[in-house]
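Since every read-out is calculated from the coordinates, none of them should be taken as a lab result. For clarity, every value in this text was computed on a predicted model and none was experimentally measured. Counting neighbours? That spans all protein chains shown, and the Cβs are built from the backbone with ideal geometry, glycine included.
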Amino acid sequence: MDREPLVTIATSLGETLSARGLTLTVAESCTGGLMAAALTAVAGSSRWFGYGFVTYSAEAKVRLLGLDQEHLDDDHIVSEGTAVAMAQAARTRASADLAIGVTGVAGPTGGSARCPVGTVAIAWALPERVSAQTFHFPGDREEVRAQAVVSALAGLLARLGGGSLARP
């Protein structure tokens with residue numbers, strides 16, 4: 001896996017967060033800590049990234065994030081609703097300004113007709129709004145995971161780009 005795109009987008013996001021005095025946390029499922037690894041690869045990231053949650057199992061989502069069972073059955077665990085719940089819970093628990101939640105099926109097994117391998121739901125929680133998007137990434141397990149991280153970080157950067165969101 002080429003890690004350069006991960007570090008490049010994480011560096012750009014880190015510069016934006018640092019300049020605005022904002023903090024970020026993440027709640028990861030299918031990416032298994034890859035997003036936190038990309039963020040902490042940036043020198044000085046401790047100024048804007050305190051910690052993240054790797055909640056790969058349903059049990060972890062309940063214990064660490066406090067998610068309700070409604071988000072964890074087979075029909076909803078990979079959904080925008082679950083990604084939103086993950087992001088909001090992480091933001092609250094970490095007392096962060098911003099949060100990203102990601103859940104999906106990286107493969108090569110685990111997919112279904114409703115939720116094929118490569119399906120990833122990402123949510124971005126900002127102080128005034130929460131948004132989510134579902135992606136269908138091609139490739140093998142590592143490619144799906146890397147694309148999910150790049151899309152999650154780029155999505156947050158895009159959401160921060162248009163406004164003057166900054167900590168008072």
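Quick notes
- Spread over its residues, the convex hull of the C-alpha atoms of the stretch 4-160 is 93 Å³ per residue.
- Remark: M35, M86 ranked as M35, M86, counting other beta-carbon atoms within 10 Å and listing the fewest first.
- Kirkwood Rh in Å, taken over all unlike Cα pairs in the stretch 73-139: 12.2
- Sites R47 and L72 - FRET efficiency at Förster radius 22 Å, r taken between beta-carbons, to 0.05: 0.05
- Remark: the R114-E15 segment gains 31.8 nm on full extension, using 0.36 nm per residue and subtracting the alpha carbon distance.
- Low-density loop cleavage sites - GluC sites (Glu not before Pro) in the stretch 58-136, where at most 14 other Cβ are within 10 Å (DSSP): E128
- For S46, S29, S18, the sequence from fewest to most other C-beta atoms within 10 Å is S46, S18, S29.
- The antiparallel fraction among DSSP beta bridges confined to the chain stands at about 60%.
- Under DSSP loop assignment and at most 16 Cβ neighbours within 10 Å, longest chymotrypsin sites (Phe, Trp or Tyr not before Pro)-free interval of the chain: 57-168
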